[in-house]
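One structure coming up, written as structure tokens, with questions to follow.
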Amino acid sequence: MIADLHTHTTASDGHLDPHELLAGAHAAGVQLLAITDHDTLAGYAELDRDLAPDCRIVPGIELSTTWRKIAIHVVGLNIDLKNPALLAGVASQSSARHERAQLIAMRLEKLGFRDVLSGAAQLAGSAGISRPHFARHLVESGQVRSMQDAFRKYLGPGKAGDIRETWAPLDDVISWIKDAGGVAVLAHPAKYKLTNLKLEELTQDFRRAGGDALEVISGLQDINLTNRLGRLALRHGLQASCGSDFHQPGQSWARLGAVAALPRDCVPVWEAW
Ligand code: AMP
Ligand code: MN
Ligand code: MN
Ligand code: MN
């Protein structure tokens, strides 16, 4: 089973529109696909599912949340796209993102950068503005050398454009997903650079708040990490999910459908679907 349950489109910070993504997933032989754009369901509005008849599409989202002042991502899978609690939550995240964008722009303009908000907004189009849009604007307007530099110096953890505590708390985002009948997945647990103890505590809090699964595989990753996360999931009685976290073609570490098999004792999230 080729399952890719974490992907992005132009509805958030991805480079392909939903139909291009679907075509790519089809070409990669993906059988089970979730589009999980950041804090939005907009990608599903424009999706013609008949375009990929061999690929089952599971409605999804990647919600931003704040846990102990750390930005954490929770993926919701198999959600009811019309659920009122989820829609209200998404609407509040969307205004939070809008307000955050203005704060980020203000801070970056204080550092001397030009046209920050208008440049990022133009790249975002109808999507909510996210940090990669700011980074791309800085690079494409010749104000910063590379995306990496933009994150390392200005947008990454602890930098001027890193605005904290904008997002709803962990309990809230999990409850929206559960209310919508979905499965709540703690996304890419290794990307937060937490100590072992903190990761245990996050996983425990996630479980206590009603979380269901751990993203045991995120893109191309070391087999030792996969096994470690598989054990973490088992220890906490969580199911396992997997996804590429695909944003754009050309990134070897996050290729559409390039997702290894889950460790054998893990219970895949799709088992009950
Ligand atoms: P935001 O939702 O605005 O907080 O933006 C988060 C997104 O920024 C992530 O989903 C990644 O796609 C992207 N991102 C985070 N860190 C980096 C980085 N160091 N380099 C490039 N993109 C990054
Ligand atoms: Mn992203
Ligand atoms: Mn994420
Ligand atoms: Mn993602």
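The values are calculated or read from the model by the stated rules, or taken from the named source; none is laboratory data. Keep in mind that what you see is a predicted model, and the values were worked out from it rather than measured. Glycine gets a Cβ as well: all are built from the backbone with ideal geometry, and neighbour counts include every protein chain shown. Accessible surface is based on the protein model in full, side chains and every heavy atom, while ligands, DNA and RNA are left aside. Shrake-Rupley method; radii C 1.70, N 1.55, O 1.52, S 1.80 Å.
Could you identify the single residue in Leu202, Leu225, Leu214, Leu234 that is assigned to a helix (DSSP H, G or I) and under 14 Å from Val185 (Cβ atoms)?
Just one listed residue meets the conditions, Leu202.
Is there a residue being within 16 Å of ligand 1 (Cβ to nearest atom), of a type outside the set (A, V, I, L, M), open to solvent by 80 Å² or more (accessible area, probe 1.4 Å) and not in a helix (DSSP H, G or I) anywhere in the stretch 251-267?
Yes.
Of the conditions (1) open to solvent by less than 30 Å² (accessible area, probe 1.4 Å); (2) touching a helix residue (DSSP H, G or I) at 6+ places or on another chain (Cβ under 7 Å), Asp149 clears all except one; give me its number.
Checking Asp149 against (1) open to solvent by less than 30 Å² (accessible area, probe 1.4 Å); (2) touching a helix residue (DSSP H, G or I) at 6+ places or on another chain (Cβ under 7 Å), the one that fails is (2).
Looking at Gly76, Gly29, Gly24 in this structure, which one is in a loop (DSSP other than H, G, I, E, B), within 18 Å of Ser244 (Cα to Cα) and either touching a Phe, Trp or Tyr at 6+ places or on another chain (Cβ under 9 Å) or in the same structural domain as Leu202 (by TED's automatic domain parsing) (or both)?
Checking each option against the conditions leaves just Gly29.
On to the next question. Test Gln204 against the criterion of being without any contact (Cβ under 8 Å) to a residue 40 or more places away in the chain and either open to solvent by less than 30 Å² (accessible area, probe 1.4 Å) or more than 26 Å from Pro59 (Cβ to Cβ) (or both), and give yes or no.
Judged against the criteria, Gln204 is a match.
Restricting attention to the stretch 11-42, and to residues there that are among the polar types (S, T, N, Q) and closer than 20 Å to Ala187 by Cβ, which single residue is surrounded by the fewest Cβ atoms within 10 Å (Cβ to Cβ)?
Residues of the stretch 11-42 that are among the polar types (S, T, N, Q), as a first pass: 12, 31, 36, 40.
Pick out the ones that are also closer than 20 Å to Ala187 by Cβ and you get 12, 36, 40.
Working: Ser12: 25, Thr36: 30, Thr40: 23.
Result: Thr40.
A further question follows. Just one of Asp48, Asp39, Asp17 is charged (D, E, K, R), within 16 Å of ligand 3 (Cβ to nearest atom) and either farther than 16 Å from Gln251 by Cβ or without any contact (Cβ under 8 Å) to a residue 24 or more places away in the chain (or both); which is it?
Criteria check complete, one pass: Asp39.
For the stretch 171-198, give me each residue that is of a type in the set (A, V, I, L, M) and open to solvent by 10 Å² or more (accessible area, probe 1.4 Å).
Listed by number, the residues that qualify are Val183, Ala190, Leu194, Leu197.
Related question: Testing Asp54 on (1) open to solvent by less than 50 Å² (accessible area, probe 1.4 Å); (2) more than 21 Å from Ser126 (Cβ to Cβ); (3) part of a loop (DSSP other than H, G, I, E, B), one condition comes back false. Which one is that?
(1)
Now, a different point. Right, Thr10: touching an Asp or Glu at 6+ places or on another chain (Cβ under 6 Å) and away from ligand 3 (no atom under 16 Å from the Cβ) or not?
Spelling it out, Thr10 is indeed touching an Asp or Glu at 6+ places or on another chain (Cβ under 6 Å) and away from ligand 3 (no atom under 16 Å from the Cβ).
Of these, Arg164, Arg136, Arg152, which one is within 12 Å of ligand 1 (Cβ to nearest atom) and in a loop (DSSP other than H, G, I, E, B)?
On the way: Arg136 fails: in a loop (DSSP other than H, G, I, E, B); Arg152 fails: in a loop (DSSP other than H, G, I, E, B).
Unique residue meeting the criteria: Arg164.
If you don't mind, another one. May I ask you to say which residue of Leu41, Leu21, Leu47 is away from ligand 4 (no atom under 12 Å from the Cβ) and touching a Pro at 6+ places or on another chain (Cβ under 6 Å)?
Among Leu41, Leu21, Leu47, only Leu47 is away from ligand 4 (no atom under 12 Å from the Cβ) and touching a Pro at 6+ places or on another chain (Cβ under 6 Å).
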